[in-house]
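Trainee: Pasting in a structure now, in structure tokens, and then I'll have a few things to ask.
Only the coordinates and a few stated rules stand behind these numbers; no lab work does. Because the structure is predicted, anything quoted here is derived from the model rather than measured. A quick note on method: Cβ atoms are made from the backbone with ideal geometry, for glycine too, and the neighbour counts reach across all protein chains shown.
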């Protein structure tokens, strides 16, 4: 019986290990490609964003998102990350943990209530005091969907001008 040298055994083991890794990575890539063919990424857009109420101590905004699920199966959101910047200052950053079901081949609306302490708002963005009716905003974040491979985030954002006329009424005629 002929014995195999240690070097030959190491080379053979390395070839087998390489072939195994190549086979696994190829099959995973194929599974990912198949998943992309049967699963279409949901689309998230902003339906509306604006001030809903204001008092001397707080401002309430409502952010309404449309989530379009083009797939033949329903989806569930896990959470929604949101950020609000006014005049390039970060005002609030949060996570809404209310998951909702999005029916197959359907569009659903998600409401994200945002409430800010007025004092904090003035501390972060003092430029608000000078001109309520000409404020730049950027609202952005991600809706995260529960999937078999983990949470999949879909980003959204919008920029524009805020109408704070509701707030200006608090300070006089």
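Trainee: Ranked from highest to lowest mean number of other Cβ atoms within 10 Å per residue, what is the order of the peptides 85-93, 59-67?
Mentor: 59-67, 85-93
Trainee: Give me the extension gain from residue 83 to residue 48: residue separation times 0.36 nm, minus the current Cα-Cα distance, reported in nm with one decimal.
Mentor: Answer, rounded to one decimal: 11.1 nm.
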